[in-house]
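The values are calculated or read from the model by the stated rules, or taken from the named source; none is laboratory data. Keep in mind the model is a prediction, meaning the values are calculated, not measured. Here the Cβ positions follow ideal geometry from the backbone for every residue, glycine too, while neighbour counts run over all protein chains shown. The accessibility values were calculated without ligands, DNA or RNA, using every heavy atom of the protein model including side chains. Shrake-Rupley method; radii C 1.70, N 1.55, O 1.52, S 1.80 Å.
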Amino acid sequence: VKDRNQVPLKKVMEASDDGFEQLPLTRQWRGKVPLGRGFSQMDWMRLASRSDSLTPHRSAAPIPMDEVRRHATPDDAWCVLRGVVYDITPYLHYHPGGFESIASVAGTDATRVFEFYHKWVNYHAMLEKCAIGILAA
């Protein structure tokens, strides 16, 4: 795939483990969107740096995927990235690609989607204050 911005999210989520090279190019659906005042990435970094935690949820015990799936609404959005469960609810309105694109992965293992679109981003540094715990095997 030459332009990852041309691949719809649903196709990435359904892609086989062989890779994404086989995905067809389609209309552009994603890109940076205008964010409200106070919702830039710099605003997010300031907010995160001032807090020990941005989620009321913490778990020492591994979290089953069934539990993650129960948190799939804009008011309560969890996702998994590389085996770590994050409460992305506080980050939804700060996402440069817009609220809808990140909210659509709530309740899922978003690793494949994240790596497809944001492989170069240090997600843990950005979301560490939103970490809940480790996904159960």
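With Tyr117, Tyr86 as the choices, which residue is within 21 Å of Met42 (Cβ to Cβ), part of a strand (DSSP E or B) and either within 10 Å of the chain's Cα centre (by Cα) or in contact (Cβ under 8 Å) with a residue 60 or more places away in the chain (or both)?
So the residue among Tyr117, Tyr86 that is within 21 Å of Met42 (Cβ to Cβ), part of a strand (DSSP E or B) and either within 10 Å of the chain's Cα centre (by Cα) or in contact (Cβ under 8 Å) with a residue 60 or more places away in the chain (or both) is Tyr86.
Just a yes or no: is a residue in the range 63-76 under 21 Å from Leu35 (Cα atoms), outside any loop (DSSP other than H, G, I, E, B), open to solvent by less than 40 Å² (accessible area, probe 1.4 Å) and hydrophobic (A, V, I, L, M, F, W, C)?
No, the range 63-76 contains no residue that is under 21 Å from Leu35 (Cα atoms), outside any loop (DSSP other than H, G, I, E, B), open to solvent by less than 40 Å² (accessible area, probe 1.4 Å) and hydrophobic (A, V, I, L, M, F, W, C).
Taking the condition of a type outside the set (Gly, Ala, Ser) and within 14 Å of Met126 (Cα to Cα), does Val85 pass?
yes
Considering only residues of the range 29-62 that are outside any loop (DSSP other than H, G, I, E, B) and either surrounded by 11 or more Cβ atoms within 10 Å (Cβ to Cβ) or hydrophobic (A, V, I, L, M, F, W, C) (or both), which is modelled with the lowest pLDDT?
Gln41
Quick check on the range 120-137: of everything there that is assigned to a strand (DSSP E or B) and open to solvent by less than 80 Å² (accessible area, probe 1.4 Å), which residue is nearest to Gly98 (Cα to Cα)?
Checking each candidate, the answer is Ala131.
Within the set of pairs 6+ apart or on separate chains, which have a first residue in the range 57-77 that is touching a residue at least 60 places away in the same chain (Cβ under 8 Å), a second that is among the acidic types (Asp, Glu) and open to solvent by 70 Å² or more (accessible area, probe 1.4 Å), and C-beta atoms under 8 Å apart?
Pairs that qualify, where the first residue is touching a residue at least 60 places away in the same chain (Cβ under 8 Å) and the partner is among the acidic types (Asp, Glu) and open to solvent by 70 Å² or more (accessible area, probe 1.4 Å), are Met65/Asp109; Val68/Asp109.
Looking only at residues in the range 91-114 that are open to solvent by less than 20 Å² (accessible area, probe 1.4 Å) and part of a loop (DSSP other than H, G, I, E, B), which one is farthest from Ala61 (Cα to Cα)?
Selected residue: Gly98.
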